[in-house]
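Heads up: the structure comes next, in structure tokens.
The values are calculated or read from the model by the stated rules, or taken from the named source; none is laboratory data. Keep in mind that this is a model prediction, so the values were computed, not measured. Cβ placement follows ideal geometry from the backbone for every residue including glycine, while neighbour counts extend to all protein chains displayed.
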């Protein structure tokens, strides 16, 4: 091999090595760019998830703004994760989004709307009030025609009070037990338990008017 041919072979080998390095660098740069783009998208998703959670904690639950700020140790740990490169940042952001999902699941256990106290308690007072109405109707039906016996009047006055007391105790037994005080909504209970008396009086008065 002549000297010119050897130089040409060295040139071709060097060019091939340079092209291989260029291709590897281009592939690495493309992969890094894709990782950076994915990390930016993940960061946008995390911010979108954290904003409503922060608002709910501050506005609805009364958590102080200062309590939501990161501590120095948490900032240092985050800085170490950022210094590790785009892939580590992407992994950290994905982990943060998973934590946000878990927080949503913890704050909202289900999609069902929670019962308001008055509606919940009405499910307790209602059956007792219905029992009062049934008993009053039975007493009226078995009473002599044209008269209301004394025991019917006593039952009409005492049974709503008894129904209210039983509803009050039942609500405390079913929904109590925690540190928070149970809202028994006494006004709703009183209205529910007195409604059978009003219905019975209206029915008796209507029948007397018809006769």
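Residue-by-condition table, conditions (1) loosely packed, with under 11 Cβ neighbours inside 10 Å; (2) at pLDDT 75 or above:
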{"position": "151", "(1), (2)": "yes, no"}
{"position": "157", "(1), (2)": "yes, yes"}
{"position": "163", "(1), (2)": "no, yes"}
{"position": "168", "(1), (2)": "no, yes"}
{"position": "171", "(1), (2)": "no, yes"}
{"position": "179", "(1), (2)": "yes, no"}
Legend entry - Complete set of residues in the range 51-61 that are surrounded by 14 or more Cβ atoms within 10 Å (Cβ to Cβ) and more than 15 Å from the chain's Cα centre (by Cα): 58
Inset, instruction - Search the range 94-117 for residues being surrounded by 11 or more Cβ atoms within 10 Å (Cβ to Cβ) and over 18 Å from residue 52 (Cβ atoms), and hand back the single one that is modelled with the highest pLDDT. - result: 117
Inset, instruction - Tell me, please, whether a residue that is modelled with pLDDT of 75 or more, in contact with a helix residue (DSSP H, G or I) (Cβ under 8 Å, 6 or more places away or on another chain) and closer than 30 Å to residue 187 by Cβ can be found in the range 77-90. - result: no
